[in-house]
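Just below is one structure, and these are the notes that go with it.
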Amino acid sequence: MGASDWIQGGGKVGGPPDREIRFTLAARAFAESQVRNREPSDGGAGCPIVVEGKRDKLALRALGFEGPIELFNRGWNLSRIVAYFYDTYGTRNTIDGGPPLILLMDWDRTGGQIQNSLRERLNSLDVPIDESLRNVLLRAMKPEGKTVEALAPFAKTLRLLIDIQLDSL
């Protein structure tokens, strides 16, 4: 069957037939982002992930993210949050030379608007952003939900798949 026999037969229960493929794609993207998110002392780049709120942060912790996670919703206006990201993280990640931030807003209408606004503002300051995780989740996890926090119930299955992907990186 593959993917550790689709997590010992529990992965397909009540799910669409393509769930194994989609979860494996999502796990690969999560693993790659986890490596960038890890602290440099743990072999990562210390690249923070920006999410909308506290529940999103809790979901990422449940999925195994241990590095910095920044919240968009902190009571600041857009200009202030963009200035904070620019001042705090600069225009390049000094460890791996990649984008200094991973943006992971929800893949619903509001999350898309926030993602676009942040991207435009940060790009205007020559701050590239890493959107690869969101782009994969947008396609792979949409049937399970349109928010980061909606991934929490799938954390156990996804973590097993993420660990398999981390071993191959």
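Dipole magnitude for the chain: about 460 debye, using +1 per Lys or Arg Cβ and -1 per Asp or Glu Cβ, origin at the Cα centre.
Could you state the orientation-averaged shadow area of the convex hull built on the Cα atoms of segment 38-88, in nm² to one decimal?
Details: hull surface 15.0 nm².
For segment 38-88, averaging the hull's shadow over all directions gives 3.8 nm².
Going by neighbour counts of Cβ atoms within 10 Å, the residues 89, 84 line up, fewest first, as 84, 89.
Using per-residue counts of other Cβ atoms within 10 Å, averaged over each peptide, order 130-141, 69-80 from highest down. Numbers along the way, then the final one.
Values: 130-141: 18.6, 69-80: 13.0.
Highest to lowest by the protection proxy: 130-141, 69-80.
Ranked from largest, the principal axis spans of the Cα set of segment 86-169 equal 38, 33, 19 Å.
Label-to-label distance, residue 95 versus residue 21, with points set 7 angstrom from Cα along the beta-carbon direction: 3.4 nm. With a Förster radius of 30 Å applied to the beta-carbon distance between residue 108 and residue 79, the computed FRET efficiency rounds to 0.80. For segment 86-91, the Karplus equation 6.51 cos²θ - 1.76 cosθ + 1.60, evaluated at θ = phi - 60°, returns couplings of 5, 5, 7, 10, x, 9 Hz by residue, with Gly and Pro reported as x.
Residue by residue, segment 21-35 carries 3J(HN,Hα) couplings of 5, 5, 5, 5, 4, 5, 4, 5, 5, 4, 4, 4, 6, 4, 4 Hz when phi is fed to the Karplus relation 6.51 cos²θ - 1.76 cosθ + 1.60 (θ = phi - 60°); x denotes Gly or Pro.
With each run of n ≥ 4 DSSP H residues scored as -39500 (n - 2.57), what mean residue ellipticity at 222 nm is computed for the chain after dividing by its residue count and rounding to the nearest 500 deg cm²/dmol?
Values: 7 runs with 85 residues, N = 169.
That calculation yields -15500 deg cm²/dmol at 222 nm.
Which value results when the Cα radius of gyration for segment 126-169 is divided by 2.2 N^0.38 Å? Display every interim value, and only then the final one.
Values: Rg = 12.5 Å, N = 44, 2.2 N^0.38 = 9.3 Å.
Scaled against compact globular proteins, the figure is 1.35.
Taking amide H atoms as placed 1.01 Å from N in the peptide plane, the amide H of residue 70 lies under 5 Å from those of 49, 50, 51, each 5 or more residues away in sequence or on another chain.
If the segment from residue 66 to residue 142 were pulled out straight at 0.36 nm per residue, it would be longer than the present Cα-Cα gap by 24.9 nm. Which residues does a label at residue 55 reach in segment 146-169, if reach means a backbone N under 13 Å from a point 7 Å past the Cα toward the Cβ? 146-153, by backbone N distance to the label point. Taking only the Cα atoms of the chain, the radius of gyration and Dmax are 16.0, 50 Å.
What ranking of 28, 61, 109 emerges when the number of other C-beta atoms within 10 Å of each C-beta is taken as an exposure proxy, fewest first? Please list the in-between numbers first.
Values: 28 19, 61 13, 109 9.
Fewest-to-most ranking of 28, 61, 109: 109, 61, 28.
For segment 12-108, what is the convex hull volume of the alpha-carbon atoms per residue, in Å³?
Details: hull volume 12.0 nm³, N = 97.
Dividing the Cα hull volume of segment 12-108 by its residues yields 123 Å³.
In sequence order, segment 64-69 has phi-based couplings of x, 6, 10, x, x, 10 Hz under the Karplus curve 6.51 cos²θ - 1.76 cosθ + 1.60, θ = phi - 60°, and Gly or Pro positions carry x.
Readers should treat all values here as calculations from the given coordinates under stated rules, not as data from a laboratory. Just so it is clear, the model here is predicted, and its values are computed rather than measured. Note: ideal-geometry Cβ built from the backbone for every residue, glycine included; neighbour counts use all protein chains shown.
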